[in-house]
1. Where the second residue is polar (S, T, N, Q) and the first is over 18 Å from Phe14 (Cα atoms) and lies in segment 50-69, which pairs have Cβ atoms under 8 Å and are six or more apart or on separate chains?
2. Of everything in segment 103-154 that's among the hydroxyl-bearing types (Ser, Thr, Tyr), part of a strand (DSSP E or B) and without any contact (Cβ under 8 Å) to a residue 40 or more places away in the chain, which residue is nearest to His46 (Cα to Cα)?
3. Inspect segment 48-60 for any residue being within 11 Å of the ligand (Cβ to nearest atom) and on the phi > 0 side of the Ramachandran plot and give the result as yes or no.
4. Can we say Asp38 is charged (D, E, K, R), assigned to a helix (DSSP H, G or I), modelled with pLDDT under 95 and out of contact with any Leu (no Cβ under 8 Å at 6 or more places or on another chain)?
5. Taking segment 170-205 only, how many residues are of a type outside the set (Lys, Arg), in a strand (DSSP E or B) and within 19 Å of the chain's Cα centre (by Cα)?
6. Name the residues in segment 47-59 that are over 21 Å from Glu28 (Cα atoms) and open to solvent by 30 Å² or more (accessible area, probe 1.4 Å), would you?
7. Among the residues of segment 107-140 satisfying the criterion of being buried (at least 24 other Cβ atoms within 10 Å of the Cβ) and near the ligand (Cβ under 10 Å from one of its atoms), which is nearest to Ala81 (Cα to Cα)?
Amino acid sequence: MAADNKMRSDTASFSRKRWEMVEHQLIERGIRSRNVIDAFLKVPRHEFVSPDTIDSAYYDGPLPIGCEQTISQPYIVALMAELANLKSGEKVLEVGTGSGYQTAILVEMGCRVYTIEIIEELARKAREKLESLGYENITYEIGDGHAGWEEHAPFDAIIVTAAPDHIPTKLIEQLKVHGKLVIPVGELDQELLLITKTEKGVDIKNVTPVRFVSMKGGDEMSGSGKGTK
Ligand code: SAH
């Protein structure tokens with residue numbers, strides 16, 4: 001009984017922290033998309049951080065998730081989801097599953113999500129977590145996202161959460177016309193890019209300087225979603 005009460009009060013306190021995160025970190029910085037905001041109010045971010053940082057789950061920054069990787073800052077996850085301009089029912093490729101937090105946000109936005117992670121341990125943990133929380137409409141892959149995922153292309157949007165040193169051409173090829181690629185590019189000085197595929201080519205906009213973990217791999221011939229399951 002005491003444990004039940006403890007759980008209820010934790011849930012209430014996390015839910016209050018989520019509202020505060022949405023108000024101060026997202027809305028005050030200009031995030032406006034209703035579907036992004038609604039998704040952020042629903043997804044329990046504290047489930048996706050490691051237990052020793054649970055009290056900081058709604059903190060305004062990235063946090064370690066093991067294997068030298070991080071769960072991204074909430075604002076950056078929201079900005080990327082907003083830039084991708086996704087609507088319910090659309091198909092999105094996520095490169096860098098990491099903790100699975102952004103995957104859950106995309107599912108709450110009504111998307112069909114294809115997600116690739118290169119580190120097997122993180123991929124497995126994220127899958128277990130998302131399944132235990134009941135998230136559906138996700139197809140998982142372990143592999144190098146430089147090559148995208150040909151089998152399920154074309155996508156309405158592709159979101160990349162690790163920084164390559166150049167724009168992987170396969171990702172552009174696997175977008176629908178008018179589809180969006182949201183990707184940090186660069187080594188130390190990275191820039192978040194919003195790339196829209198047009199009938200004639202691509203339109204590239206620099207959004208903001210960012211700092212993501214570096215994208216691993218990079219041999220475009222070796223990935224293509226054919227990694228080990
Ligand atoms: N959106 C995630 C961010 C995780 S950090 C979250 O909020 O939790 C970026 C992730 O990209 C890491 O888990 C890293 O292992 C993964 N990654 C790095 N290079 C990759 C590649 N070439 N293909 C797929 N995933 C990659």
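The values are calculated or read from the model by the stated rules, or taken from the named source; none is laboratory data. Bear in mind the structure is a predicted one, so any value in this text is a computation, not a measurement. Heads up, the Cβs are rebuilt from the backbone with ideal geometry, glycines too, and the neighbour counts pull from every protein chain shown. Ligands, DNA and RNA are stripped out before the accessible areas are found, and what is left, the full protein with its side chains, is counted by its heavy atoms. Shrake-Rupley method; radii C 1.70, N 1.55, O 1.52, S 1.80 Å.
1. These pairs meet every condition: Pro64/Ser50; Pro64/Thr53; Pro64/Thr70; Ile65/Ser50; Ile65/Ser99; Gly66/Ser50.
2. Thr115
3. no
4. no
5. So the answer is 14.
6. Within segment 47-59, Glu47, Ser50, Pro51, Asp52, Ile54, Asp55 qualify.
7. In this case the residue turns out to be Thr115.
So that you can scan it fast, the table gives a plain yes or no per residue for (1) within 11 Å of Val36 (Cβ to Cβ); (2) of a type in the set (Ser, Thr, Tyr); (3) crowded, with 21+ Cβ neighbours inside 10 Å:
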{"residue": "Gly61", "(1), (2), (3)": "no, no, no"}
{"residue": "Ile71", "(1), (2), (3)": "no, no, yes"}
{"residue": "Asn85", "(1), (2), (3)": "yes, no, no"}
{"residue": "Thr103", "(1), (2), (3)": "no, yes, yes"}
